[in-house]
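Presented below is the structure to which this report refers.
The values are calculated or read from the model by the stated rules, or taken from the named source; none is laboratory data. Note that this is a predicted model, so its numbers are computed, not measured. As a convention, Cβ positions derive from the backbone with ideal geometry for all residues, glycine included, and neighbour counts pool all protein chains shown. These area figures cover heavy atoms from the full protein model, side chains too; ligands, DNA and RNA do not enter into them. Shrake-Rupley method; radii C 1.70, N 1.55, O 1.52, S 1.80 Å.
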Amino acid sequence: MEYIPNTKEEQQQMLKVIGAETIEDLLGDIPSEIRLTRGLQLPPPLSEPELKTEMLRLSERNADLLHHASFLGAGAYDHHIPSVVGHLASRSEFYTSYTPYQAEMSQGLLQTIYEFQTMIAELTGMEVANASLYDGGSALAEAAMMAVKVTKRNTILISSTIHPSYRAVLKTYLSGANARIIELPSENGATDLVAVGKRLSEDVACVLIQTPNFLGCLEPVEGLAQEVHRYAALLGVAADPISLGLLRSPGEAGADIVVGEGQGLGCGLNFGGPYLGFFATRKEYVRQMPGRVVGATVDTKGRRGYCLTLQTREQHIKRERATSNICTNEALAALSATIYLSIMGRQGLREIGRLCLQKAHYLKHRLCEIKGFEMAYQRPFFKEFVVKSPVSPSRINKKLFKQKIIGGLDLGTMDRRLKNHWLVCVTEKRTKEEMDQLVTAVKEITT
Amino acid sequence: MSESLIFDKSVPGRKGYSLPDLDVPEVPVAELMPADYLRKDPPLLPELSEVDVVRHFTNLSRDNYGIDQGFYPLGSCTMKYNPKVNEDVARYAGFAALHPLQPAEQTQGALQLLYQLEAALREITGMDRVTLQPAAGAQGELVGMLMIRAYHRSNGNPCRKVIVPDSAHGTNPATATLAGYQVQVVHSNADGLVDLEDLKHLVDPDTAALMLTNPNTLGLFERDILKIAELLHSAGALLYLDGANLNALLGLCRPGDMGFDVVHSNLHKTFTTPHGGGGPGAGALGVKSFLAPFLPVPVVEKTEKGYVLDIRRPQSIGKVQAYYGNFGNLVRAYTYIRRMGAIGFRKVSTNAILNANYIRKRLELVYPVPYNRFCMHEFVASAKKFRDKDVHAWDIAKRLIDYGIYPPTVNFPMIVEEALMIEPTETEPKENLDRFCEAMLSIAKEIEEDPARVRNAPHTKSVARLDEVRAVKQMDLRWRPA
Ligand SMILES: Cc1ncc(COP(=O)(O)O)c(C=O)c1O
């Protein structure tokens with residue numbers, strides 16, 4: 001077996017040192033009643049060439065986005081990934097290492113995390129960021145839990161314009177906590193400010209919003225922040241990091257915690273994961289922050305170096321009183337994001353923002369020229385928007401698929417009130433030609 | 001030489017990206033977006049050419065140590081070799097470039113993979129259903145504990161406490177708290193196993209579950225597992241397995257046959273998905289059929305029309321993932337399972353156990369093993385005897401770095417003073433086990449002759465011992481422009 005080097009002779013030599021006759025002698029602690037007396041019923045092993053053929057066949061039963069133009073977003077985005085990202089993140093010194101418990105042997109990775117924390121803090125407009133969380137949904141849940149700890153209050157107001165799956169994940173995460181979760185209604189595609197004003201009280205730990213929100217609309221972050229702070233509650237904002245080269249940062253607008261899904265920053269779509277949760281906040285809350293953090297320090301000779309720090313918040317020390325139970329996080333995805341942001345840089349991220357914004361508005365304009373199509377909400381948007389369609393978006397999508405186009409999300413399949421609402425996403429990868437083709441196909445089906 | 005920060009390498013005007021020109025008529029931004037939504041100052045990202053970026057991260061990778069460079073006996077983490085074929089397969093376009101919300105007709109291959117991976121893990125663990133959604137072991141624990149909670153509630157039984165051994169990993173008590181439970185600690189006995197008498201005193205109708213690791217964190221098989229299961233079940237409580245140590249059991253015995261009701265397995269340990277420098281992982285969670293109604297949604301099912309995602313499960317604890325978990329890692333784990341087959345897995349566990357016992361035996365006279373008997377896939381030695389030289393487990397770990405070996409886990413489990421937790425895995429060749437043993441023995445000699453050399457290690461890396469206290473006191477968590 002190519003992954004197990006021991007030969008029979010070596011096994012014998014080792015057994016001799018151990019003072020056992022056979023490997024079986026080492027297993028005496030396993031009660032005989034539970035020993036497996038048969039082989040596991042698994043498919044027979046495949047050699048590497050057979051394995052690759054079999055797995056390729058399985059992969060080809062999927063309609064991949066290399067061969068289809070996708071207008072599907074809803075939290076997972078088909079952004080361009082520079083070749084550099086995959087190559088550098090595939091350096092096995094990085095990907096076959098683990099959490100850098102022994103800092104002196106892991107300086108390379110620790111420095112990339114320090115750079116990641118800096119970039120996330122910069123993008124979000126916050127003071128500090130952690131080394132990553134699992135994904136956008138759990139990051140939002142962690143934000144709520146931190147707000148409960150910081151404020152010692154237990155009501156969470158969550159906007160109904162947040163990604164429905166994030167809201168669901170948050171509810172699951174907090175189902176064991178003594179917290180009250182109240183959903184805020186929306187108005188014209190964004191959080192209803194009047195409702196927020198009515199619901200805010202001295203019991204509220206935080207208000208949570210997403211911008212751009214699930215419906216693609218930008219939220220009035222600044223106005224919300226002022227309202228929320230009047231009650232000394234925290235404002236938690238889930239943001240799309242790709243938008244933050246162009247759009248104002250939530251931190252600047254007054255957010256206290258900024259989290260989100262970082263998949264767009266150089267992580268493939270991967271049928272939903274691994275993705276990248278990020279978490280940034282104000283320095284004053286850093287000791288209540290979940291997850292790993294890297295800090296700069298010096299060695300015994302005064303040279304700069306990096307190590308995991310503030311570990312007394314974490315499960316391996318604080319155990320049942322830890323700020324979170326997270327251990328393994330998404331370090332490699334954070335590395336990809338760091339490489340991605342280094343390649344894109346100051347100008348590139350802004351340029352992607354510009355391309356998304358312009359192209360999405362072009363498609364919106366073209367779609368709304370078609371009879372029966374109109375925008376569902378009148379709000380500024382970035383790369384995603386909801387159009388009302390005279391026919392079922394699922395029907396349109398079926399037709400588009402025949403032309404190797406993957407259409408937007410049919411919101412009616414998730415929420416009956418949103419029947420015939422189509423959530424369309426345009427990244428910098430979509431061309432005018434593809435958009436025109438989509439428009440032509442839509443026209444054919446609706447007229 | 002250490003690498004300067006990427007921000008310090010930035011040169012205004014340099015560019016590393018390549019993007020297409022705008023191919024639609026440009027509309028002034030002011031017409032699309034009110035000014036107060038726009039960013040005034042660009043974020044302080046670096047400006048670099050492609051080659052600058054490539055050299056920066058390549059050089060940083062060279063100041064980092066992974067399994068591909070050498071031995072990584074980090075106990076409890078199962079740092080085994082990560083097969084390269086897994087990486088190739090995970091990058092097939094049909095897996096890597098697939099959107100999670102594409103209709104099921106377009107993703108049948110991915111759903112089939114999930115279905116078959118679940119079937120394989122069911123067989124390996126002896127459980128009835130498995131969810132592949134948890135992103136890591138700790139998230140698996142949370143899902144498992146919330147399911148246990150939902151189960152007790154559905155029986156009108158609001159149990160309030162969870163029992164955790166004193167040798168348990170920190171995520172166990174942290175998770176129990178997160179799931180809304182009070183944590184009670186059961187002590188280990190003189191053999192390093194759960195103290196049955198203590199457990200008897202603790203288990204009562206208010207007990208929701210015992211979270212147990214087996215083999216436990218000392219690397220010892222809980223011989224009384226059937227009695228433990230009986231004790232809990234007769235009180236109406238459930239038995240949770242932290243399956244971080246599943247690598248010791250493959251094809252030898254199955255948690256489901258030992259009485260465990262819930263089991264998580266860290267696919268990044270036993271099933272070779274790379275540890276990634278600290279994730280992403282994957283934490284499959286298996287349950288017995290009576291708990292299946294509480295599984296998180298969606299559940300992959302096979303129907304006449306093909307594979308589907310079932311979300312209509314009224315008793316489900318809800319969602320834990322926006323989509324279906326760390327699919328890329330699930331592809332790697334499945335690829336590995338198909339490569340190994342039943343015979344391969346038996347070799348995995350038996351060789352992991354053989355290697356651990358070999359090192360234990362070679363070191364035991366110099367590094368006492370407090371609970372010394374045949375171990376499973378790992379064992380815990382103690383460096384307590386070196387305290388009189390003012391040398392600690394932590395120092396020995398640092399000195400190992402100079403020998404070019406990644407140190408074992410130190411100071412865990414907490415029931416062993418100055419713990420050195422050593423897990424060789426089955427993928428390490430004998431000569432490396434020998435080299436490790438010789439390094440450890442040589443360090444023991446150094447402690448006698450020149451303890452300061454050990455205390456001040458490492459001496460050969462880009463940095464010497466780092467001041468971790470200073471990192472806390474003078475917090476510096478990000479770069480800022482000068
Ligand atoms: C015994 C044990 N339990 C639980 C965990 C947590 O798993 P993860 O890091 O995948 O969340 C670990 C991992 O480090 C472990 O060693």
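Rounded to a whole number of µm²/s, how large is the Stokes-Einstein D of chain A at 25 °C and 0.890 mPa s, given Rh as the Kirkwood radius over C-alpha pairs?
Numbers: Rh = 24.4 Å.
Estimated diffusion coefficient is 101 µm²/s.
Rounded, prolate or oblate: which one fits the protein assembly as shown, using the alpha carbon gyration tensor with axes a ≥ b ≥ c (rounded when a/c is under 1.5, else prolate when a/b beats b/c, else oblate)?
Values: a/c = 1.63, a/b = 1.45, b/c = 1.12.
Here the protein assembly as shown falls in the prolate category.
In terms of packing, defined here as the mean over residues of other Cβ atoms within 10 angstrom, the peptides A:311-322, A:202-213, A:106-117 line up highest first as A:106-117, A:202-213, A:311-322.
Over chain B, what is the relative contact order in percent, taking alpha-carbon pairs closer than 8 angstrom and at least six residues apart? Write down the numbers at each step before the final one.
Values: 844 pairs, mean separation 88.8, N = 482.
Computed over chain B, the figure is 18 percent.
Neighbouring Cβ atoms from other chains, within 10 Å of the Cβ of residues in A:272-281, number 6 on average. Computed from the C-beta positions of residue A:178 and residue B:21, the FRET efficiency with R₀ = 56 Å rounds to 0.55. Between the C-alpha center of the stretch B:328-350 and that of the stretch B:59-128 there is a gap of 11 Å.
Less than 10 Å Cβ to Cβ from residue B:414, Lys/Arg counted +1 and Asp/Glu -1: what total charge do the surrounding residues give? Walk me through the intermediate numbers first.
Details: positive: A:319; negative: B:166, B:417.
It works out to a net charge of -1.
Highest mobility in the GNM of chain A, judged by mean-square fluctuation with C-alpha springs under 10 Å and restricted to A:336, A:159, A:324, is found for A:324.
Which of rounded, prolate or oblate describes the stretch A:32-117 when judged by the alpha-carbon gyration tensor and an a/c cut-off of 1.5? Oblate, because a/c is 1.5 or more while a/b does not exceed b/c. Measuring nothing but how far apart in sequence close Cα pairs (under 8 Å, 6+ apart) lie, relative to its length, the stretch B:73-222 scores a relative contact order of 18 percent.
Shielding of peptide A:170-178 by partners, expressed as the average count of other chain Cβ atoms within 10 Å per residue Cβ, is 6.
Summed over both chains, the area buried between A and B is near 17400 Å², taken from the accessible surface of protein heavy atoms with a 1.4 Å probe.
Over the stretch A:172-253, what is the relative contact order in whole percent, taking alpha-carbon pairs under 8 Å and six or more residues apart?
Values: 74 pairs, mean separation 21.8, N = 82.
For the stretch A:172-253, the relative contact order is 27 percent.
Net charge of the neighbourhood of residue A:420, taken over other residues with C-beta under 9 Å away and scored Lys/Arg +1, Asp/Glu -1, is +1.
Show me the helices of chain B, taken as full DSSP H stretches, that run 24 Å or more along their long axis by Cα and average -1.0 or above in Kyte-Doolittle hydropathy.
On the way: long enough: B:108-125 (25 Å, 0.25); B:137-154 (25 Å, 0.07); B:327-363 (40 Å, -0.10); B:430-449 (28 Å, -0.51).
Sorted by number, the helices that extend far enough and score high enough are B:108-125, B:137-154, B:327-363, B:430-449.
Here's the list of lysines a cross-link from residue A:399 could span, going by alpha-carbon distance under 21 Å and ignoring same-chain residues fewer than 8 apart: A:364, A:371, A:388, A:419, A:432, A:443, B:305.
If you sort the three axes of the alpha carbon gyration tensor as a ≥ b ≥ c, you get a/c of 1.5 or more for the stretch B:6-54 and a/b no higher than b/c, which makes it oblate. Shielding value for A:312-322 is 6, the average number of Cβ atoms from other chains within 10 Å of each residue's Cβ.
Sorted by average packing, counted as other Cβ atoms within 10 angstrom per residue and highest first, what order do A:10-18, A:163-171 take?
A:163-171, A:10-18
Taking the longest Cα principal axis of chain A as reference, the axis of helix A:136-151 is set at about 90 degrees. The lysines within cross-link reach of residue B:461, meaning a Cα-to-Cα straight distance under 29 Å and a gap of 8 or more places when in the same chain, are A:301, B:9, B:80, B:84, B:269, B:384, B:385, B:389, B:398, B:430, B:445, B:473. The apolar share of the surface of the stretch B:343-469, taken as the fraction of accessible area on carbon and sulfur atoms (1.4 Å probe, ligands and nucleic acids excluded), comes to 49 percent.
Taking A:31, A:290, A:380 in turn, the Gaussian network model of chain A (Cα-Cα springs below 10 Å) assigns the largest fluctuation to A:31. The angle between the Cα long axis of helix A:164-173 and the main principal axis of chain A comes to about 40°, on a 0 to 90 degree scale. The distance separating the Cα centre of the stretch B:1-40 from that of the stretch B:217-285 comes to 48 Å. With the simple model of a label 7 Å out from the Cα in the direction of the Cβ, residue B:14 to residue A:317 spans 3.7 nm. Each 5 Å bin from zero up to the one holding the largest Cα-Cα distance in the stretch B:364-482 carries the following percent of pairs: 2, 10, 18, 21, 19, 13, 7, 5, 3, 1, 0, 0. Tell me the angle of helix A:107-124 to the major Cα principal axis of chain A, expressed in degrees between 0 and 90 and rounded to the nearest ten. For A:107-124 against chain A, the angle is about 20 degrees. For the stretch B:228-333, taking Cα atoms only, Rg and Dmax work out to 15.6, 45 Å respectively.
So if I take the centroid of the Cα atoms in the stretch A:256-317 and the same for the stretch A:150-177, what is the distance between those two points in Å? The distance from the Cα centre of the stretch A:256-317 to that of the stretch A:150-177 comes to 21 Å.
Where Lys and Arg each count +1 and Asp and Glu each count -1, what net charge lies around residue A:36 among other residues with Cβ under 10 Å from its Cβ? Display every interim value, and only then the final one.
Working: positive: A:35, A:38, B:254, B:346; negative: B:257.
Taking every other residue near residue A:36 into account, the sum is +3.
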